[in-house]
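First up is the structure itself, then whatever we jot down about it.
Derivation of every value follows stated rules applied to the coordinates shown; laboratory data play no part. All figures in this text were calculated on a predicted structure; none of them were measured in a lab. Cβ: placed from backbone, ideal geometry, glycine included. Neighbour counts: every protein chain shown.
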2 protein chains.
Amino acid sequence: MPFADRAAGYVERVERALDKRLPTADVRPASLHTAMRYAVLGGGKRIRPLLCYASGEVLGIAPGRLDDAACAVECVHVFSLVHDDLPAMDDDALRRGKPSTHAAFGVATAILAGDALQTRAFEILAGDGTSDATERLGMIAVLAVATGSRGMTGGQAVDLESEGKQLAAADLEALDRDKTGKLIRAAVLMPTCAVADLPAASRVALDRFAKCMGLAFQIKDDVLDVEGEQALTGKTHGADAVRGKATYPSLMGMDNAKRRADALYAEALAALDAFGESAEPLRWMARYIVHRDR
Amino acid sequence: MPFADRAAGYVERVERALDKRLPTADVRPASLHTAMRYAVLGGGKRIRPLLCYASGEVLGIAPGRLDDAACAVECVHVFSLVHDDLPAMDDDALRRGKPSTHAAFGVATAILAGDALQTRAFEILAGDGTSDATERLGMIAVLAVATGSRGMTGGQAVDLESEGKQLAAADLEALDRDKTGKLIRAAVLMPTCAVADLPAASRVALDRFAKCMGLAFQIKDDVLDVEGEQALTGKTHGADAVRGKATYPSLMGMDNAKRRADALYAEALAALDAFGESAEPLRWMARYIVHRDR
């Protein structure tokens, strides 16, 4: 059965797992937990959890051992969306076709919901604090490095500093390798912590795949910001241009941006060659990322 | 040598350790790292790290094994200060006698600096992701539970909801047990993760001590907001009253608030009885917390 036939099942799986791992709205403080659930359970493509399960399939890890990792990386992703949408940041009132978290719950609650979602990611990965210590600690280290000031959050800081400035394409790539790429990379690499004695070459290959796809993902996002249908993307159309944000289409032209994404896609596939047939799940994910329409 | 003579040394120790564990301002993105260092290294009483080292002394753990825990709990504390001071939250332009982080660096950078400080806490505790896995994972679990939506961040959410409302003293205590108490508790309990075969009774006693001191600490904070000298506290004087915030002095009167703090202090000391002389470091910390003037 090709991964295409399992992807929807994995999306349902991670959404059930997230639902179980987030306190319900009747747990105090109700406003905070309602906002956290609104932000996380309100849809989304779940690309990072899918990458996590796909990478796990390639490595022969049962999905049950990756539910915590898949939930944690999604919680970090959603925390970043909630904070990036804030008025002091990208000031976006629309997310996934609905009011963004601060538009629905107020700025203070949105800040706290983002904060608590980040914490929840690490709490989920910590489990009961004693079982599978080596595996869980490894995943925490991978996720923390990807999330912090030299990863996703650092990339967002550079992104804000860059607004209205003239960037070279190489600067934009460096920024996006942190802002978007590092978390994509963590999704692919966390499963390696569950494999004792993974050959170094396999980890290097997965890392190369993930780096290429992290950047291809962002280029595709920029393309969709121009060409995508708002009904599908659920985002304010052309928001990057309005904000004076450098994007790949604006810096290198639409055709070159698409060509760059294709080249990264090809490089990502090449990195998987050593895995042979067994890498089909990640090949499918790569195709899905560069060919999606939302 | 009494703990009083070592406390200043521990403050210097954790500040050196924090300095080493935070990226310098020449690491990209410079603005974010500058803001993180400004927030963390700009003074402070370092009460949580001190509690961590004091608890470690009681348990016979060398300080070198607790530097990461002490730094992590302080990073979480400072992240909460940076976010609590934001205009959408407590809107405080002054912190430790200096401009608060958003006043000095802007709101967007302050949000990101708080986010990245939280991540850094877990990154520090994760270490290299492989060594001392059981000990480190246990500490991460303790810190995450204390930080999240059922701990410090949840307490702040309830605090914001409560502004301008009439609270009973019991509601305020419940709120502060989360908002302030949980992180104080984590500081005292993280060292227990470094002791194999700690008797359950010892952990219970430390927990009781920490819960009492967490609340006593907050009552003392409220008292200082009214009676403290701004030059010493470094905070806007009477800010709680201006904000319509319920405080212990406003709810129960100044004398009763002080009596409640004294009763909690006595209960905290009683919890330490089983440790005998060896608990002197935590006894000193308890006295320091309820008798401080800033």
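Protection proxy ranking of B:1-10, B:106-115, A:49-58, A:238-247, by the mean of other Cβ atoms within 10 Å over each peptide's residues and highest first, is A:49-58, B:106-115, A:238-247, B:1-10. Mind checking which of B:S31, B:A141, B:I184 is farthest towards the positive end of chain B's charge dipole, using Cβ charges of +1 (Lys, Arg) and -1 (Asp, Glu) about the Cα centre? Going by the charge dipole, the pick is B:S31. Counts of other chain beta carbons within 10 angstrom of each beta carbon in peptide A:23-31 average 4. If only the Cβ of Lys and Arg carry +1 and only the Cβ of Asp and Glu carry -1, the dipole of segment B:4-291 around its Cα centre is close to 220 debye. Note on A:32-41: average number of Cβ atoms from other chains within 10 Å of each residue's Cβ is 2. Only helices enter this figure: runs of n ≥ 4 DSSP H residues, each worth -39500 (n - 2.57), summed and divided by the residues of the protein assembly as shown, yield -21000 deg cm²/dmol at 222 nm to the nearest 500.
In segment A:103-182, the inverse of the mean reciprocal separation of distinct Cα atoms equals 14.6 Å; this is its Kirkwood hydrodynamic radius. For the protein assembly as shown, the dipole from Cβ point charges (+1 on Lys and Arg, -1 on Asp and Glu) about the Cα centre works out to 120 debye, to the nearest 20.
Of B:R136, B:R203, B:R95, the residue with the greatest mean-square motion in the GNM of chain B, using alpha carbon springs below 10 Å, is B:R203.
The mean number of Cβ atoms from other chains found within 10 Å of a Cβ in peptide B:131-144 is 6, as a whole number.
All C-alpha pair distances within segment A:4-291, sorted into 10 Å bins from zero, spread as 6, 29, 37, 22, 5, 0 percent across the bins.
Once a ≥ b ≥ c are taken as the square roots of the eigenvalues of the Cα gyration tensor of segment B:18-142, is the result rounded (a/c under 1.5), prolate (a/b larger than b/c) or oblate (a/b not larger than b/c)?
prolate
Full extension of the segment from A:K165 to A:R287, taken as 0.36 nm per residue of separation minus the current Cα-Cα distance, would add 40.7 nm. Dipole orientation for segment A:4-291: of the candidates A:A157, A:A62, A:L167, A:A62 has the Cα lying most toward the positive pole (charges on Cβ; Lys, Arg +1; Asp, Glu -1). Summing +1 for each Lys or Arg and -1 for each Asp or Glu among the other residues whose beta-carbon sits under 10 angstrom from that of A:E229 gives -1. Computed packing ranks the peptides B:124-131, A:61-68 as B:124-131, A:61-68, most packed first, by mean other Cβ atoms within 10 Å. Between B:A103 and A:R208, the modelled labels are 5.3 nm apart [label points 7 Å from Cα along Cα→Cβ].
Can you give the local net charge around A:I61? Use residues other than it whose beta-carbon is closer than 15 angstrom to its beta-carbon, Lys and Arg +1, Asp and Glu -1.
For residues surrounding A:I61, the net value is -1.
In summary, the protein assembly as shown shows an alpha-carbon radius of gyration equal to 0.97 times the 2.2 N^0.38 Å reference for compact globular proteins.
For an R0 of 35 angstrom, estimate the FRET efficiency from the Cβ-Cβ distance between A:N256 and A:E277 and round to the nearest 0.05. Between A:N256 and A:E277 the formula returns 0.55. Dimensions of segment B:249-294 based on its C-alpha atoms, expressed as ranges along the principal axes with the largest first, amount to 38, 21, 10 Å. Each peptide in B:162-172, B:14-24 receives the mean, over its residues, of other Cβ atoms within 10 Å, and ordering these scores from highest gives B:14-24, B:162-172.
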